[in-house]
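Please read the structure below before turning to the comments.
The values are calculated or read from the model by the stated rules, or taken from the named source; none is laboratory data. Quick caveat: nothing in here was measured; it's all calculated off a predicted structure. Note: ideal-geometry Cβ built from the backbone for every residue, glycine included; neighbour counts use all protein chains shown. Heads up: the accessible areas ignore ligands, DNA and RNA and are worked out on the full protein's heavy atoms, side chains in. Shrake-Rupley method; radii C 1.70, N 1.55, O 1.52, S 1.80 Å.
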Amino acid sequence: MARTRLGALPTTLTAAACALLLTTTACANGDPTGVDDDTVTVGMLHSLSGTMAISEVTVRDAVQLAIDEINADGGVLGRQIEPVIEDGASDEATFAERAQKLLQADQAATVFGGWTSASRKAMLPVFERNNGLLWYPVQYEGLEASPNIVYTGATTNQQIIPALDYLREQGHTSLYLVGSDYVFPRTANQIINAYADAHDMQITAEEYTPLGHTEYSTITNDIARTQPDAVFNTLNGDSNVSFFQQLRSAGVTAQDTPVLSVSVAEEEIEGIGADNIAGHLTAWNYYHTTDTNTGFVEAFTQTYGADRVTSDPMQSAYNAVYLWRAAVEEADSFEVDAVRAALDGITVQAPEGTITLDGDTQHVIKTARIGQINADGLIDEIWASPEPITPDPYLTGYDWAADLTG
C-alpha cells in the first residue's frame, strides 16, 4: 500500500493565511519540490464529508487503487507515489483552500480531485495561478477548457447530447428538467433547451433545488400530474435518494415516465434503493457491467470488498492516474509544462475501453453509453455510440449551440 499523509492544516484556513498563500506562486521551473529521489507527492481532493460524500468517497478509493497498483509496478520514473489526502467537505470554498494547500504547502506534482462543477470552478483559478495540474474525473457541462485541468470524464457532446438523441429516437419529445441549483445543472439545461428548440422538443418545466435538498413532493407530484414523456435529471449527491423515493410514492413509473440521470451511478443506486429506481435510465461512458473492463472490477472488489460496485466517475478517476503516469514518462519529467506538452495522443487501456487524450482540449476521446438500471441495482448498457466521440467542449460542431458559445 502507498504511504498516505493526511493534510496537517485545519479544514478552514484563517483569512490571513489564505491571503498569504494566494500571493505566492508555485515552482515553475524544473521538477516540483514535492519530488525527491524516492517519492513524488500528489494530491487527492474529494468530498469525504457532506452531501457529496455519497459519490466522492468511492472516487477517492479508485484513485488510491491506481496509485497502489502503479507503486507495486515500480512507481513513476522510479519513484513511489505518495498521496496527500484532503477533504473538500462538499463546499467550493474548502476545495479552493485545500487545492492551494496541496500546491503550496505540500508541493504536489499534480492533484486528482473534484466532482461538482462548482468545486472545479472554485479550484480552477488556484491551479492557473500556481501553474498546477488538476485531473478532474466527472462528466460536466462543457464550455470550458483550461490548460491547467485535464478532463477525464465526459463533456457535453459525449454524454448529454447522446442522451437527448437517444430520448428523441425513442419518441420522447416532452421533457421535464430537474436539477441541483449550481453551475452544472443550469448550464446543462441551457444546452438542453437549445437542443430542444432545434429538434421540435418541448420543455414542460425546469426546476432547481439546493444541493442536499430532501423535499421533492411538490416536484414529483407535478411530474405525476403533467406526465411528460421523460424527465432529464441533473440532481447531484444524496438529493437523488429523496427524489427517487418520492417519485415512486407519487406513482410515477419508469414505464410511463422514464427518468434519465447524468449524475446517478452504481454507488448512488445503492443509497437510493434499487426498488425505487429500477427501470430508469442513465447516461455515462462506463458501467460496472461494461464488457471492456480489463480487470478493474476484480481488482477493486478484491481490495475493497466483494459487495462494492464501480462506476463511471470512479474509473475516470482511476484512468487519470494512469494517464498522468504515461504523460510523465513520455515527458521524462514531473514538471507541469512538460507533462502538458506530452498529453496529446496519450493512450491507455482503461475499464471503459481504449482511451486517448486530445491535446487540444485536454479531454478524453470516449464512447457514449445509455444504461437501464436493473432490479439488482446494476446498470445494463442498452445503447452505445458506434465509435468513440472526439470531445467538443464548446460545441463548435453544432449550429444550434452557436448562441451558447458566443
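Residue 383 fulfils the conditions (1) aromatic (Phe, Trp, Tyr); (2) crowded, with 19+ Cβ neighbours inside 10 Å; (3) in contact with a strand residue (DSSP E or B) (Cβ under 7 Å, 6 or more places away or on another chain) except for a single criterion, (2).
Within segment 184-205, the residues that satisfy the criterion of being surrounded by fewer than 16 Cβ atoms within 10 Å (Cβ to Cβ) and of a type in the set (A, V, I, L, M) are 198, 205. Within segment 71-121, the residues that satisfy the criterion of being part of a helix (DSSP H, G or I), in contact with a helix residue (DSSP H, G or I) (Cβ under 8 Å, 6 or more places away or on another chain) and in contact (Cβ under 8 Å) with a residue 60 or more places away in the chain are 97, 100, 101, 103, 104, 117, 118, 119, 121. Close Cβ contacts (under 7 Å, 6 or more residues apart or on different chains) running from residues in segment 193-217 that are in contact (Cβ under 8 Å) with a residue 40 or more places away in the chain to residues that are aliphatic (A, V, I, L, M) comprise 194/401; 194/404; 195/161; 195/164. Count of segment 27-61 residues, restricted to those that are modelled with pLDDT of 95 or more and polar (S, T, N, Q), is 5.
The criterion of at least 2 residues that are charged (D, E, K, R) is met by the following strands (runs of 3 or more DSSP E) wholly inside segment 303-406: 379-384.
Against the conditions (1) touching a Phe, Trp or Tyr at 6+ places or on another chain (Cβ under 6 Å); (2) surrounded by fewer than 24 Cβ atoms within 10 Å (Cβ to Cβ), residue 138 satisfies every one except (2). Which members of segment 206-228 meet the condition of being open to solvent by 50 Å² or more (accessible area, probe 1.4 Å) and part of a loop (DSSP other than H, G, I, E, B)? Answer for segment 206-228, where residues must be open to solvent by 50 Å² or more (accessible area, probe 1.4 Å) and part of a loop (DSSP other than H, G, I, E, B): 210, 211, 213, 214, 215, 227. Looking only at residues of segment 334-363 that are in contact with a helix residue (DSSP H, G or I) (Cβ under 7 Å, 6 or more places away or on another chain) and of a type in the set (Gly, Ala, Ser), we find that the one that is most open to solvent (accessible area, probe 1.4 Å) is 341.
Scan segment 30-50 for residues that are part of a loop (DSSP other than H, G, I, E, B), open to solvent by less than 40 Å² (accessible area, probe 1.4 Å) and more than 18 Å from residue 311 (Cα to Cα) and jot them down.
Within segment 30-50, 32, 34 qualify.
When segment 288-318 is limited to residues that are out of contact with any helix residue (DSSP H, G or I) (no Cβ under 8 Å at 6 or more places or on another chain) and crowded, with 24+ Cβ neighbours inside 10 Å, the one that is farthest from residue 113 (Cα to Cα) turns out to be 290.
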